[in-house]
Amino acid sequence: FPSHDRFEDIVDKTRDVTDFAISGYCDGKLIAIFGVTSLTPITKTGAIWMFGTKFLPKNKKVFLKHCKRCVEVMLENYPIVYNYIDARNIMIINWLKWLGFTFEEAKPYGPQGLPFYKFYMKNKCVDQ
């Protein structure tokens, strides 16, 4: 979505394409929304996404305490979730690694050919 969109507009747009979402609040303020969208109805592969609000940095301990469980809940209905991230976004890459996501080698993407990583996580029951 264009970066000039308001947060509320982005949330409204994602509602139409999201199969499952979890909102995180602290002291009555929305701090983050996680979601997953089915990419194919047959394999139920999901594209995972997250939006953080301006209240996330002040509530990072609460967020970190609960975010692993949010990903676990999403994986209950999807054998694999994945997405792509700009290789320059080191802080979020470190967080995704902390959550347990696996990363592939960065590849050029988009009109500027910037490096992006594909990251993914499999449902543990899939490999058994």
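The values are calculated or read from the model by the stated rules, or taken from the named source; none is laboratory data. In this text the structure is predicted, and so the values were computed from the model without any measurement. Don't worry about glycine lacking a Cβ; one is built from the backbone with ideal geometry, like all the others, and counts go over all protein chains shown. Side chains included, ligands, DNA and RNA excluded: accessible areas come from the protein's heavy atoms. Shrake-Rupley method; radii C 1.70, N 1.55, O 1.52, S 1.80 Å.
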Taking the stretch 19-54, which residues are within 12 Å of the chain's Cα centre (by Cα) and open to solvent by less than 30 Å² (accessible area, probe 1.4 Å)?
Ala32, Ile33, Phe34, Gly35, Val36, Thr37, Gly46, Ala47, Ile48
Taking the stretch 103-128, which residues are open to solvent by 60 Å² or more (accessible area, probe 1.4 Å), part of a strand (DSSP E or B) and within 20 Å of Cys67 (Cα to Cα)?
Lys122
Looking at Ile92 and the list (1) in contact (Cβ under 8 Å) with a residue 12 or more places away in the chain; (2) closer than 20 Å to Ser23 by Cα, which single condition is not satisfied?
(1)
Among the residues of the stretch 72-82, is any at pLDDT 90 or above, closer than 22 Å to Ala21 by Cα and in a helix (DSSP H, G or I)?
no
Return the total of residues in the stretch 86-98 being surrounded by 15 or more Cβ atoms within 10 Å (Cβ to Cβ) and either within 22 Å of Ile33 (Cβ to Cβ) or not small (Gly, Ala, Ser) (or both).
4
From the residues in the stretch 70-85 that are of a type outside the set (A, V, I, L, M) and under 13 Å from the mean Cα position of the chain (by Cα), which one is most open to solvent (accessible area, probe 1.4 Å)?
Tyr84
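Residues are listed down the side, and each one gets a yes or a no for (1) among the hydrophobic types (A, V, I, L, M, F, W, C); (2) farther than 14 Å from Trp95 by Cβ:
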site	(1), (2)
Ile22	yes, yes
Cys26	yes, yes
Gly52	no, no
Val62	yes, yes
Cys70	yes, no
Met74	yes, yes
